[in-house]
Amino acid sequence: MTTWFTIGIFALLGAAGCEVTNHFPDHIVEQQDKRQLCSLFIAGHRSILESMFEVELYAVSYETDEWHGALKSLEVGTSDSGGHPRDPRSVLQSTMDKLVQVKNTADRMRLEYLLLGSRMSLDERRQFDNYCVAVAP
């Protein structure tokens, strides 16, 4: 009798439509679309950005230039614990991850200009903002 009672309760709950619903399905779809657009956007620019990062990482004046200062302000390391230069791909990925977390729009745009501006136009940096930077709710 207990088994039938349990089955009956689950049947009633299921028939009554007791399910978890998402009240903002468009928001979730929009977030997924933005993540996909961001991934595609970065993939389309990755090779030119990696080559630029490689050149900048091995520049002689790295202690005093603004590019390295921007990386430092984002707390992106350019060398590993042994003092060896990090792979430009990993520095690029760390930079992108940190850029999207900068809350102040003016600061983020300044950093984008310093770090990406020589290889990405203003329009492309705006697309990066539109696709990759999460808007605070």
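The values are calculated or read from the model by the stated rules, or taken from the named source; none is laboratory data. All of these numbers come straight from a predicted model, not from anything done at the bench. Positions of Cβ are backbone-derived with ideal geometry, glycine not excepted, and every protein chain shown enters the neighbour counts. With ligands, DNA and RNA removed, areas are computed over all heavy atoms of the protein, side chains included. Shrake-Rupley method; radii C 1.70, N 1.55, O 1.52, S 1.80 Å.
For segment 91-137, the dipole from Cβ point charges (+1 on Lys and Arg, -1 on Asp and Glu) about the Cα centre works out to 100 debye, to the nearest 20. Peptides 35-46, 110-121, 78-89 ranked from most to least packed by the mean count of surrounding Cβ atoms within 10 Å: 110-121, 35-46, 78-89.
Net charge around ARG89, counting only other residues with Cβ within less than 10 Å of its Cβ (Lys, Arg = +1; Asp, Glu = -1)? Surrounding charge for ARG89 is -1.
Taking every protein chain into account, the accessible area of segment 76-137 amounts to 60 square angstrom per residue (probe 1.4 Å).
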